[in-house]
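Okay, structure first, notes after.
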Amino acid sequence: MLQPPIGLIGLGAMGAGIAATLRRKGRELRVCDAQPGRAQDFAAEGCLACATPAETAAGCDVLVSVVVNAEQTQAVLFGKHGVAAAMSPGSVFVMCSTVEPAWSMALEARLAERGIVYLDAPISGGAAKAASGQMTMMTSGAPAAYEEAGAVLDAMAAKVYRLGDRAGAVSKVKVINQLWPACTSPRQPRPWRWGCARASIRRRCTRSSPTAPATAGCSRTA
């Protein structure tokens, strides 16, 4: 049985690597990027270049967004020719940006009103690992998201951590990973280091009820 195409929006260093990995694994791709001409560059690799996010979403059960931040994600979904109006009920929006946990949870609820399933899935590992399929994904979302998009995630990454059954959990872990090295640097006095870490993580991560605090003990696919 033919697999439906995957939509991919954002063809920067990480997005381009993901596109190359998915094509190498035989997946049909519809791609789009805000920079004119970038999507067309991928047509030679067998991708279908689309002019708008909405066009990218057509016929896709899974759409992967690899843009920089929450603002760009908002534009992809709800801006002019956004994908939210074009995605079918039951389809999955995989969001690979690092965002505030509360924002991610609010987005999950907003998309659910449209019947769209949301997967919080920030990525790490760098462009080279994205291109080789060796990157790591930390994810959280409803079981329905994994049922529909699990095979796509496994094709994209060597390690896929599942941190919870709703959005926000993985964003909290990603925030901790980003803040901890700076806040606990040996260059800073120990009392300051621990105070910074506690205050920063509490401020960024406890605006909503916690789910899973770390990857330890969480399920992983490889």
Residue among A149, A145 that is within 17 Å of A106 (Cβ to Cβ), assigned to a helix (DSSP H, G or I) and at pLDDT 95 or above: A145
Failed item, numbered, when A54 is tested on (1) surrounded by 19 or more Cβ atoms within 10 Å (Cβ to Cβ); (2) within 17 Å of the chain's Cα centre (by Cα): (2)
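To keep it simple, each residue is scored yes or no on (1) surrounded by fewer than 16 Cβ atoms within 10 Å (Cβ to Cβ); (2) touching a residue at least 60 places away in the same chain (Cβ under 8 Å).
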| position | (1), (2) |
| --- | --- |
| E45 | yes, no |
| L63 | no, no |
| V67 | no, no |
| K80 | yes, no |
| V83 | no, yes |
| P89 | yes, no |
| P101 | no, yes |
Some residue of the stretch 105-117 being in a strand (DSSP E or B), closer than 19 Å to G168 by Cα and either at pLDDT below 95 or in contact with a helix residue (DSSP H, G or I) (Cβ under 8 Å, 6 or more places away or on another chain) (or both): yes
The stretch 118-129, residues that are under 20 Å from C60 (Cβ atoms) and not in a strand (DSSP E or B): A121
If you scan the stretch 78-110, which residues turn out to be within 16 Å of D33 (Cβ to Cβ) and of a type outside the set (S, T, Y)? G79, K80, H81, G82, V83, C96
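Kindly establish whether V94 is assigned to a strand (DSSP E or B), of a type outside the set (F, W, Y) and in contact with a Leu (Cβ under 9 Å, 6 or more places away or on another chain).
Numbers: assigned to a strand (DSSP E or B): yes; of a type outside the set (F, W, Y): yes; in contact with a Leu (Cβ under 9 Å, 6 or more places away or on another chain): yes.
Yes: the conditions hold for V94.
Within the stretch 1-43, take every residue that is charged (D, E, K, R) and touching a strand residue (DSSP E or B) at 6+ places or on another chain (Cβ under 9 Å) and give me the one that is surrounded by the most Cβ atoms within 10 Å (Cβ to Cβ).
Among them, the one singled out is D33.
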Write out, first by first residue and then by second, each pair whose Cβ atoms fall under 8 Å of each other, whose residues are 6+ apart or on separate chains, and whose first residue, in the stretch 121-149, is basic (K, R) while the second is part of a loop (DSSP other than H, G, I, E, B). K129/M135; K129/A158
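The values are calculated or read from the model by the stated rules, or taken from the named source; none is laboratory data. Worth saying up front: this structure is predicted, and the values here are computed from it rather than measured. Note that each Cβ is placed from the backbone with ideal geometry, even for glycine, and that neighbours are counted across all protein chains shown.
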